[in-house]
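Just so it is clear, none of the values below were taken in a lab; they were calculated from the coordinates. Note that the structure is a prediction, hence the values are computed from the model and not measured. Cβ: placed from backbone, ideal geometry, glycine included. Neighbour counts: every protein chain shown.
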């Protein structure tokens, strides 16, 4: 694998060699290259700082044919790189927010299903006690019903209100 420094240097050198200096072409070359660099850095866990520094070195070296344009190119590259990182951050955050919304909906559905299970168990207890004429067991079910109502309350409070409603969507820009 080539280093980012060498790769961007070669791309800029080639762009400068092909035709007269074209600032927009150089900017586009850097942008397209950095999009891929950032994607790879995120996938591999490499430091964005180190890969960005390496890209800047490559840009500097690639501009040797036009040394008077190096700082302008670096200035433009820094703006493009920051914009690329920002767009990537927004995309990643939006994807995570979407997953959180789906997870919230799934959690609510799970809570409702578990509440139904608790209520169904109570109905089964009652039905069985009546069918078998177990009066003592049937009388004890009033206490079981209070416990089940409390279980449902705890499940709902603990998960639905304390976890779902505290998650705020603060990155909407």
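The figures follow:
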{"item": "Relative contact order (percent, whole number), the chain, Cα cutoff 8 Å, 6+ residue spacing", "result": "21"}
{"item": "Label-point gap, in nm, between residue 139 and residue 40 - each point 7 angstrom along Cα→Cβ", "result": "7.9"}
{"item": "Quarter of the Cα convex hull surface for the chain, i.e. its orientation-mean projected area (nm²)", "result": "15.4"}
{"item": "Efficiency of FRET between residue 70 and residue 91 - r from beta-carbon atoms, R0 41 angstrom, step 0.05", "result": "0.85"}
{"item": "Segment residue 108-residue 23, extension gain: residue separation times 0.36 nm, minus the distance between their alpha carbons", "result": "25.2 nm"}
{"item": "In Å, descending, principal axis extents of the Cα set of the range 4-92", "result": "38, 21, 20"}
{"item": "Label point 7 Å beyond Cα of residue 53 along Cβ direction - residues of the range 1-21 with amide nitrogen under 17 Å", "result": "3-6"}
{"item": "Calculated on alpha-carbon atoms, Rg and Dmax of the range 98-164 in Å", "result": "15.6, 52"}
